[in-house]
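**Q** The structure follows.
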Amino acid sequence: MHKKCVTYEILCAKICAMDTIASISTPMGTGAIAIVRMSGKQSLDIAFELFENKKLTKENIVPRMLYLGNIKGLGEKCLMVYFKNPHSFTGEDMVEFQVHGGVLLCREVLRLLLEKGARLAENGEFSKRAFLNGKMSLDEAEGIIDVIEATHKAELSAGFELLNGQLLQTVKQMQKALTTTNARLAVTVDYPEYDDESIEKEQTKQDIKEIKSQIEKLLANSEYGKQLKTGVKIALVGKPNVGKSSILNAVLGENRAIVTDIAGTTRDSISEQIVYKGIKIELVDTAGLREGNDLVEKIGIDKTKQEIKSANLVVFVVSNQDFDQQDEQIYEQIKSYNPLVVQNKSDFDKVQKYPFDIDVCISALHNQNITEFLDKIVERVYKQKIDNSALVLTNTRHIEALKQALVCCDDILAKIDTQTVDIVLFEIKSLWSTLGKITGESENEKIIDEIFSRFCLGK
């Protein structure tokens with residue numbers, strides 16, 4: 001799976017010298033069952049020092065079959081399963097014990113394994129060994145993290161795309177095309193009498209343009225991908241008593257914010273998150289923008305201004321009841337942010353005239369057009385149509401690597417007509433290596449260690 005590089009060879013040498021590791025792989029706490037696992041050359045030997053089953057031996061054990069037995073010294077009945085290398089998660093011999101999910105019991109099982117010669121695994125060390133043994137690429141490993149940490153379906157789906165190797169396949173296809181291009185162009189150096197350099201350069205241009213197009217397609221969804229993880233921040237802005245808090249309550253379906261007829265009830269920002277159409281939306285109900293009468297209110301208004309600056313979208317709320325000069329003054333303060341203008345209290349018959357366009361009319365009190373309001377938010381935040389046929393990238397490291405690869409493509413296209421073939425070949429190699437950062441083929445040891453340190457103990 002991996003193309004060998006210096007860093008990869010060093011890491012593989014380290015892993016070969018490593019001992020057998022052990023850890024509890026299920027979350028700490030009381031449960032029906034828990035899993036304690038080992039990985040390494042001594043896994044089976046250590047397991048048989050602890051596991052009692054009169055009919056079972058190291059010679060007759062069948063991989064991937066569950067065996068019922070006892071753990072010596074504890075009297076605990078448990079199930080044991082053996083995974084023979086290379087057909088295991090780590091690519092090494094592995095053994096897992098399925099025991100009752102008591103905190104003390106799990107610790108005792110782990111203690112016995114450590115006493116018999118295993119070493120306590122570091123965070124993510126099982127997955128790291130899987131990577132180093134060619135069982136997964138670096139991007140697939142990061143897919144595991146994304147799946148575990150996903151908080152909604154769209155984020156989970158993006159994690160599965162990584163875990164299932166869709167980005168890996170795409171990168172590999174581009175690298176394969178570059179290898180072919182490199183080989184064909186190199187022939188013009190070795191056998192100039194048989195190949196026309198100008199023709200090969202033109203073909204190389206087309207190859208690089210195709211790869212550039214694929215990279216641009218991947219990056220087109222990157223902003224959406226990043227926001228799948230981080231969410232978008234929406235600041236509800238307007239004068240006091242226009243219904244900002246009522247809108248928040250209507251969206252949430254509960255009375256989160258206090259609503260009264262008294263102007264200035266909301267004196268500090270209130271923030272709540274929802275997931276709508278696979279997008280995390282953080283709604284911030286801000287203090288009304290006006291001249292504050294006391295210190296506390298002034299602090300709240302200053303906080304509102306900060307929320308406006310940090311928001312992905314500003315929603316300007318006006319009322320169908322009482323549009324006045326104060327509304328106009330607020331609009332002048334925020335119009336540079338291209339706000340989404342919402343008319344609340346649209347259930348009132350009074351017709352207002354505004355010096356700006358209204359994007360959506362709602363009634364928070366009667367829960368009217370709240371879905372349309374949320375649709376407008378999504379539409380405004382994601383102005384560019386999301387390409388559903390392309391992978392959704394959520395990982396900043398992958399996005400940055402692809403941006404660097406795009407620069408490499410531009411460098412090749414800029415130099416190919418004026419530079420020698422040798423220089424062009426060097427640039428193609430650089431592009432190949434940049435793409436390899438995504439899969440881990442060209443990434444340094446420090447970055448690899450940092451990625452796997454994000455995993456929990458036992459993974």
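The values are calculated or read from the model by the stated rules, or taken from the named source; none is laboratory data. Nothing here was measured: the structure is a model prediction, and the numbers come from that model. Note that each Cβ is placed from the backbone with ideal geometry, even for glycine, and that neighbours are counted across all protein chains shown.
**Q** For region 403-434, name all the residues that are out of contact with any Ser or Thr (no Cβ under 8 Å at 6 or more places or on another chain) and touching a residue at least 40 places away in the same chain (Cβ under 8 Å).
**A** K403, L406, C409, D410, L413, D417, D422, L425, K429, L431
**Q** Next question. Out of region 307-330, which residues are over 26 Å from the mean Cα position of the chain (by Cα) and part of a strand (DSSP E or B)?
**A** V315, F316, V317, V318, S319
**Q** A further question follows. So, L132, is that one outside the structural domain of K41 (by TED's automatic domain parsing) and closer than 26 Å to K84 by Cβ or not?
**A** It is false that L132 is outside the structural domain of K41 (by TED's automatic domain parsing) and closer than 26 Å to K84 by Cβ.
**Q** For region 40-56, enumerate the residues that are part of a loop (DSSP other than H, G, I, E, B) and surrounded by 15 or more Cβ atoms within 10 Å (Cβ to Cβ).
**A** Those that are part of a loop (DSSP other than H, G, I, E, B) and surrounded by 15 or more Cβ atoms within 10 Å (Cβ to Cβ): G40, Q42, L56.
**Q** Identify, please: which residue in region 425-453 is of a type in the set (D, E, K, R) and surrounded by 15 or more Cβ atoms within 10 Å (Cβ to Cβ) and is, among those, nearest to the chain's Cα centre (by Cα)?
**A** Only one residue tops the list, namely K437.
**Q** Still on this structure, I have one more. Determine, yes or no, whether R64 is of a type outside the set (V, I, T), surrounded by fewer than 19 Cβ atoms within 10 Å (Cβ to Cβ) and within 15 Å of S25 (Cα to Cα).
**A** no
**Q** Between E92, E59, which is buried (at least 17 other Cβ atoms within 10 Å of the Cβ) and acidic (D, E)?
**A** Step by step, each of E92, E59 is checked, and only E92 is buried (at least 17 other Cβ atoms within 10 Å of the Cβ) and acidic (D, E).
**Q** Applying the selection to region 389-419, what residues are outside any helix (DSSP H, G or I) and surrounded by fewer than 19 Cβ atoms within 10 Å (Cβ to Cβ)?
**A** S389, A390, D417, T418, Q419, listed by residue number.
**Q** Further question on the same structure: For the condition surrounded by fewer than 13 Cβ atoms within 10 Å (Cβ to Cβ) and at pLDDT 85 or above, what is the one hit in D422, D375?
**A** Step by step, each of D422, D375 is checked, and only D422 is surrounded by fewer than 13 Cβ atoms within 10 Å (Cβ to Cβ) and at pLDDT 85 or above.
**Q** While we're on this one: For the list (1) among the hydroxyl-bearing types (S, T, Y); (2) touching a Pro at 6+ places or on another chain (Cβ under 8 Å); (3) outside any strand (DSSP E or B), I need the number of the one condition that S88 fails.
**A** All conditions are met except number (2).
**Q** Search region 319-338 for residues that are without any contact (Cβ under 8 Å) to a residue 60 or more places away in the chain and pair each with any residue that is among the small types (G, A, S) when their beta-carbon atoms are under 7 Å apart and the residues are at least 6 apart or on different chains.
**A** N320/S346
**Q** Among the residues of region 66-85, count how many are touching a strand residue (DSSP E or B) at 6+ places or on another chain (Cβ under 7 Å) and assigned to a loop (DSSP other than H, G, I, E, B).
**A** Residues in region 66-85 being touching a strand residue (DSSP E or B) at 6+ places or on another chain (Cβ under 7 Å) and assigned to a loop (DSSP other than H, G, I, E, B): 2 in total.
**Q** Please count how many residues of region 79-89 are under 20 Å from L132 (Cβ atoms) and surrounded by fewer than 23 Cβ atoms within 10 Å (Cβ to Cβ).
**A** 6
**Q** Does E76 satisfy the condition of being of a type in the set (D, E) and either under 27 Å from E149 (Cα atoms) or surrounded by fewer than 14 Cβ atoms within 10 Å (Cβ to Cβ) (or both)?
**A** So E76 does not fit the description; no.
**Q** Out of all the residues in region 430-459, which are aromatic (F, W, Y) and in contact with a His (Cβ under 9 Å, 6 or more places away or on another chain)?
**A** Across region 430-459, there are no qualifying residues.
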